[in-house]
1. Tell me whether segment 117-140 contains one or more residues that are in a helix (DSSP H, G or I), within 29 Å of Val91 (Cβ to Cβ) and of a type in the set (Asp, Glu).
2. Testing Thr225 on (1) without any contact (Cβ under 8 Å) to a residue 60 or more places away in the chain; (2) surrounded by 11 or more Cβ atoms within 10 Å (Cβ to Cβ); (3) out of contact with any Cys (no Cβ under 8 Å at 6 or more places or on another chain), one condition comes back false. Which one is that?
3. Six or more apart or on different chains, Cβ under 8 Å: which pairs go from a residue in segment 104-121 that's modelled with pLDDT of 95 or more to one that's among the acidic types (Asp, Glu) and part of a helix (DSSP H, G or I)? Could you list them?
4. Tell me, which strands (runs of 3 or more DSSP E) lie completely within segment 174-239 with 1 or more residues that are in contact with a Gly (Cβ under 8 Å, 6 or more places away or on another chain) and of a type in the set (A, V, I, L, M, F, W, C)?
5. Looking at (1) more than 19 Å from Arg107 (Cβ to Cβ); (2) small (Gly, Ala, Ser); (3) in a strand (DSSP E or B), can you tell me which one Gly155 breaks?
6. Could you grab me the full set of residues in segment 72-130 that are surrounded by fewer than 18 Cβ atoms within 10 Å (Cβ to Cβ), touching a helix residue (DSSP H, G or I) at 6+ places or on another chain (Cβ under 7 Å) and farther than 23 Å from Glu33 by Cα?
7. Consider Phe21 carefully, then state whether it is surrounded by 10 or more Cβ atoms within 10 Å (Cβ to Cβ) and modelled with pLDDT of 95 or more.
8. Considering only segment 4-17, state which residues are modelled with pLDDT of 95 or more and in contact with a Ser or Thr (Cβ under 6 Å, 6 or more places away or on another chain).
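The values are calculated or read from the model by the stated rules, or taken from the named source; none is laboratory data. Values in this document were obtained by computation on a predicted structure and should not be read as measured data. Every residue, glycine as well, gets a Cβ built from its backbone with ideal geometry; the counts of neighbours run over all protein chains shown.
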Amino acid sequence: MSINEVFPHPTVKQVIFQIRFPNLFAMPTLVGEYQTKIMEKFPESSLAQMSTVLIAEMGPGAKLEPPPNLPEPGVVPVWQFSTPSGVKLDVLQNSLALHSTVHKTYRHPSATERFRDLIQYAVTPFLQVTRVPLLARIGLRYVDQCPVPPGGSDGYRRYYSTTFPLERFPLEQAAGMQFRCTVRRGDCSVNLKEALDLSGQGPTMQLDTDAYRQNVKASDYLQVTDELHDLIVREFEDFGKAPFFEHMRRPVEKP
């Protein structure tokens with residue numbers, strides 16, 4: 001199957017987009033011009049500070065080699081912008097990130113709120129102002145809160161092509177399970193997490209899919225983001241089965 005619809009009951013709870021680039025020491029002088037270009041959709045703004053701490057386990061005689069593109073330990077400024085609907089935009093000297101809990105589609109033509117449109121609105125003027133030629137990393141992440149159907153292991157397998165070893169560890173005997181992996185998909189990578197919690201008042205299952213690509217021409221950012229989205233969709237399709245998608249297609253009950 002191929003998902004090409006906006007579900008009445010979508011499971012997506014958060015969408016995050018991020019670009020990373022080398023530290024821009026001129027950012028404090030550039031962010032004001034950038035703000036004027038996005039103010040129509042991001043009218044609310046603030047300046048915060050974030051502490052950065054580098055923690056590493058060092059053996060005898062070992063030399064500390066910090067990861068690339070990491071700010072020096074200390075306090076760094078965070079320019080924060082937001083839309084009236086609550087979408088957050090964070091700008092640092094080495095990254096830009098969008099956090100949304102309101103978008104339910106990336107680019108479906110029938111929708112009025114598309115996450116792709118907001119990415120383009122925020123990133124294109126940023127690249128024009130900063131003139132960053134190369135992006136160290138582009139990432140797109142979807143966090144879904146999925147239903148846990150009744151019926152124990154059999155019910156769970158009816159909804160999902162799960163990674164859990166249910167033959168050895170049946171849901172009927174479990175309080176929680178978690179699976180993580182990172183896989184290559186062509187020039188991109190995908191971090192996958194399936195996490196099940198049966199210990200609370202109600203069972204919850206979180207599907208966390210984080211796709212990214214490194215070393216991208218800034219001019220190609222939107223094309224690459226489209227590719228990352230298509231990867232996430234394919235992982236979602238491979239994970240869910242027909243009863244799961246039918247669950248999301250349930251009609252919205254009238255009040």
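1. To start, the set of residues in segment 117-140 that are in a helix (DSSP H, G or I) comprises 117-130.
Within this subset, residues satisfying the condition of being within 29 Å of Val91 (Cβ to Cβ) are 117-130.
So of that shortlist, the ones also of a type in the set (Asp, Glu) come out as 117.
Yes.
2. Status for Thr225: all satisfied but (1).
3. Arg116/Asp226
4. On the way: elements: 176-185, 188-197, 204-217.
Those strands (runs of 3 or more DSSP E) span 188-197, 204-217.
5. If we test Gly155 against (1) more than 19 Å from Arg107 (Cβ to Cβ); (2) small (Gly, Ala, Ser); (3) in a strand (DSSP E or B), just (3) comes out false.
6. Arg107
7. On the way: surrounded by 10 or more Cβ atoms within 10 Å (Cβ to Cβ): yes; modelled with pLDDT of 95 or more: yes.
Yes; evaluated as a whole, the condition is true for this residue.
8. Gln14, Val15
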